[in-house]
1. Picking from 200, 233, which residue would you name as being assigned to a helix (DSSP H, G or I) and touching a residue at least 60 places away in the same chain (Cβ under 8 Å)?
2. Return the residues of the stretch 20-50 that are within 22 Å of residue 98 (Cα to Cα) and assigned to a strand (DSSP E or B); say none if nothing qualifies.
3. Please enumerate the residues belonging to the stretch 94-145 that are more than 15 Å from residue 77 (Cα to Cα), hydroxyl-bearing (Ser, Thr, Tyr) and surrounded by 16 or more Cβ atoms within 10 Å (Cβ to Cβ).
4. Within the stretch 75-89, count every residue that is in contact with an Asp or Glu (Cβ under 9 Å, 6 or more places away or on another chain), touching a residue at least 40 places away in the same chain (Cβ under 8 Å) and either assigned to a strand (DSSP E or B) or among the charged types (D, E, K, R) (or both).
5. Can you tell me which residue within the stretch 60-91, out of those that are surrounded by fewer than 15 Cβ atoms within 10 Å (Cβ to Cβ) and charged (D, E, K, R), is modelled with the lowest pLDDT?
6. Taking residue 159, is it surrounded by 17 or more Cβ atoms within 10 Å (Cβ to Cβ), in contact with a helix residue (DSSP H, G or I) (Cβ under 7 Å, 6 or more places away or on another chain) and under 30 Å from residue 3 (Cα atoms)?
7. What tally of residues in the stretch 249-288 results from selecting those that are within 19 Å of residue 239 (Cβ to Cβ) and basic (Lys, Arg)?
8. Give the residue that is nearest to residue 190 (Cα to Cα), with candidates limited to residues of the stretch 129-179 that are in contact with a strand residue (DSSP E or B) (Cβ under 6 Å, 6 or more places away or on another chain) and in a loop (DSSP other than H, G, I, E, B).
Amino acid sequence: MSTAQRIVVVGGSGFIGRHLVARLANAGHLVTVTSRNPSGHGDLRLLPGLRLLQVDPHDPAALAAAFAGADAVVNLVGILNERGFGGKGFRRAHVELTERVIAACATAGVADLVQMSALRAGEGDSHYLRTRGEAEALVRASALRWRIVRPSVVFGPGDGLFNRFAGLLRLLPALPIARPGARFAPVYVGDVVEAMVRCLERPDTAGGTFELYGARIMTLREIVAYTARHLGLRRWVIGLPDPLGRVQALVGDLLPGKPISSDNFRSLKLDSVGSRDGLAALGIAPTPIDAVVPQMLAGGRHQARLDQYRQHARRR
């Protein structure tokens, strides 16, 4: 194991964050997770040496206080949708918060930053990708020893990809999808986490931008069909032409949780595939989808059966 570091993770209670902080804590690093609502993530306190702090990430003084004494900061904060429609939510979450993180690092004397971004950041006309790119520019212009990781869509236990489609496919006999030919190179969450750990532990990675993607390229239609097949379900996957896809996205804008939004639709115009293998640069072999997802979905299917049995027992 490398020398233990004091690492602050902003956004450590999310999908990738939970996997990362567990990996860091179990490796002997001293991890602090900042959260607006730490009481909702008390299970993280079970990890060895982990400290959970209540911090408003948009409060510069609170951030600087949380960073005091740290060796490195990881900024994982990101959103796929905003409450409004004009991009202000994306700008606040990606650009303004990154500005505050950089300033807090300077105030607290933290030299190293790992910044989460996304493949194709700064390209296209979606607010999501544009603001990701603006945040990257801020990081690169800073005086920090920075690393930027740019994953494609991420899969693994608790993901919002295969598990999300699994939930929809269990409910619906047919699933209409916009931009069915959009291409992705799904990357395993464990590989993304390992890449970030190596960025933290290896000084030679400073100033590097790492595209993280898997070996298998799949269209959106193929991802949905793969999910249905491994759930043992026969479902129609209906690819929508762009005019109908835009209508679906506009309707999604108005639904709770925005299952799809106009900004998602704009993001799907760009394939989430890479050209510079960041995993290989860090000495990581990509984990195949077939090594994780079938078992993951089978576990979910088993849980769904248990839930059905419980509901049936309550009715009796």
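The values are calculated or read from the model by the stated rules, or taken from the named source; none is laboratory data. Given the structure is predicted, the values throughout are model-derived calculations rather than measurements. Cβ coordinates were reconstructed from backbone atoms using ideal geometry, including for glycine residues, and neighbour counts include every protein chain displayed.
1. Result of the check over 200, 233: 200.
2. 31, 32, 33, 34, 35
3. 126, 142
4. Initially, the stretch 75-89 is screened for residues in contact with an Asp or Glu (Cβ under 9 Å, 6 or more places away or on another chain), giving 80-82, 85, 87-89.
Add one more test, that the residue is touching a residue at least 40 places away in the same chain (Cβ under 8 Å), and what stays is 80-82, 85, 87.
Add one more test, that the residue is either assigned to a strand (DSSP E or B) or among the charged types (D, E, K, R) (or both), and what stays is 82.
Total meeting the criteria: 1.
5. 83
6. Values: surrounded by 17 or more Cβ atoms within 10 Å (Cβ to Cβ): yes; in contact with a helix residue (DSSP H, G or I) (Cβ under 7 Å, 6 or more places away or on another chain): yes; under 30 Å from residue 3 (Cα atoms): no.
Against the criterion (surrounded by 17 or more Cβ atoms within 10 Å (Cβ to Cβ), in contact with a helix residue (DSSP H, G or I) (Cβ under 7 Å, 6 or more places away or on another chain) and under 30 Å from residue 3 (Cα atoms)), residue 159 does not qualify.
7. Total satisfying the criteria: 2.
8. By that ranking, first place goes to 156.
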